[in-house]
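Shown next, in structure tokens, is the structure this report addresses.
The values are calculated or read from the model by the stated rules, or taken from the named source; none is laboratory data. For clarity, every value in this text was computed on a predicted model and none was experimentally measured. Here the Cβ positions follow ideal geometry from the backbone for every residue, glycine too, while neighbour counts run over all protein chains shown. Heavy atoms of the whole protein, side chains included, go into the accessibility calculation; ligands, DNA and RNA do not. Shrake-Rupley method; radii C 1.70, N 1.55, O 1.52, S 1.80 Å.
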Amino acid sequence: VRSSLHEINIADYGNIKRHQMSGEKSTEEIRAVLNEIYDGGAIPMVVGGSHDNMYGEFLAAADKYGKGNFGVLHLDSHVDAAPIGYGYYVHNGNGIYNGVEMGLFKGTDLVQVGITSIMNDEILAWLKENGIRVHYQAEIEKDGWETVMKRVLEEVKDIENLVVTIDVDVMNQIYVPGTGGREPDGPSSEEMMRMMRALGIQNNVVLVEITEYNPLLDSKNNQTATVVRKLMEHYLDGLAARKRAIEEPFNVDPDRVGEGL
């Protein structure tokens, strides 16, 4: 891997206001700001906050590309397909459900990775009915991350416009202590970084979200923040490689590989 950040233009668009007691109002604020970013010809990258942010992002992607004209790669320990309820139309456990049910994207254009949460029969049936492909943590443990990662890349390869949404709790909690949904299993930070770079090379990624990072829960040396930053950098390195017409998702700069390795 080489640093390619000097080859692309990066801008910090600032913070997006959230309404503490209303996911619905937060959704519209996120949608409006991302539409401004799209109008400027940029690819939005959203970091931090609750995973209910993704519904506003899906709405913005639908505004830009049209309903049903983008797909979603969702990396998370939790399926986020609970029905509308719990007293809220939008909450951090139903963004995927809302996206499919409101027709923003098709279930057949959604791939979920790293799911380890307990689900009831209703949610499992909904996933199957909508043709959603799910790679559970059990599959990763059985076949290994390398194998599953290549399966996922093949499944999203032909999605024209891809939204990537990551809940940092998809990773083993030893790497990301700064999240409220810590799980004791999942891929390593290194494995996720390779995934992000590969996606940047292979796909036309139209939005990246890295969510559920809580600095108040992070370690004293900002370990989770470092992982989040490196996930961003690896995607951007992949994007720069794509601009250089590199097509191999796991391409490595030959200057970084010694003889005999």
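Odds and ends about this structure:
- Beta bridge orientation in the chain: antiparallel %, DSSP, nearest 5: 5 percent
- Rounded, prolate or oblate (a/c below 1.5 giving rounded, otherwise prolate when a/b exceeds b/c) for the stretch 194-247 by Cα gyration tensor: prolate
- Dipole of the stretch 1-143 [Lys/Arg +1, Asp/Glu -1 at C-beta], most positive-end residue of G131, F58, Y89: F58
- Taking 0.36 nm per residue of separation and subtracting the Cα-Cα distance, full extension of the segment from D39 to L216 would add 60.4 nm.
- From most to least packed by mean Cβ count within 10 Å, the peptides 136-142, 106-112 give 106-112, 136-142.
- Extension gain (nm, one decimal) between D185 and H19, 0.36 nm per residue minus Cα-Cα: 56.5 nm
- Over all directions, the projected convex hull of the C-alpha atoms in the stretch 35-188 averages 9.3 nm² in area.
- Rounded to the nearest 500, the helix-only mean residue ellipticity at 222 nm of the chain stands at -12000 deg cm²/dmol, with each DSSP H run of n ≥ 4 adding -39,500 (n - 2.57).
- Per residue, the accessible area of the stretch 154-260 comes to 46 Å² when a 1.4 Å probe rolls over the protein heavy atoms.
- When +1 charges are put on Lys and Arg Cβ atoms and -1 charges on Asp and Glu Cβ atoms, the dipole computed for the chain relative to its Cα centre reaches about 400 debye.
- Taking 0.36 nm per residue of separation and subtracting the current Cα-Cα distance, fully stretching the chain between A138 and D12 would add 41.6 nm.
- Charging the Cβ of each Asp and Glu at -1 and of each Lys and Arg at +1, and nothing else, the dipole of the stretch 1-125 about its Cα centre rounds to 160 debye.
- Over the stretch 1-41, equivalent-ellipsoid semi-axes from the Cα gyration tensor in Å: 29, 13, 8
- Element breakdown for the stretch 127-261 at a 1.4 angstrom probe: carbon and sulfur atoms account for 47% of the accessible area.
- Based on every Cα atom in the chain, Rg and the maximum pairwise Cα distance Dmax equal 17.6, 61 Å.
- Value of D in µm² per second that Stokes-Einstein yields for the stretch 1-99, Kirkwood Rh from Cα pairs, at 37 °C (0.692 mPa s): 223 µm²/s
- Shown is the FRET efficiency for E122 and D63, computed with R0 = 22 Å from the Cβ-Cβ distance and rounded to the nearest 0.05: 0.10.
- Highest-fluctuation residue, E155, E24, E129 considered, GNM on the chain with Cα pairs under 10 Å: E129
- Taking the convex hull of Cα positions in the stretch 123-243, its mean projected area over all directions (nm²): 8.1 nm²
- Peptides 217-228, 11-22, 70-81 ordered by average Cβ neighbours within 10 Å, highest first: 70-81, 217-228, 11-22
- Modelled label reach - R244, point 7 Å along Cα→Cβ, the stretch 1-30 residues with backbone N closer than 18 Å: 1-10
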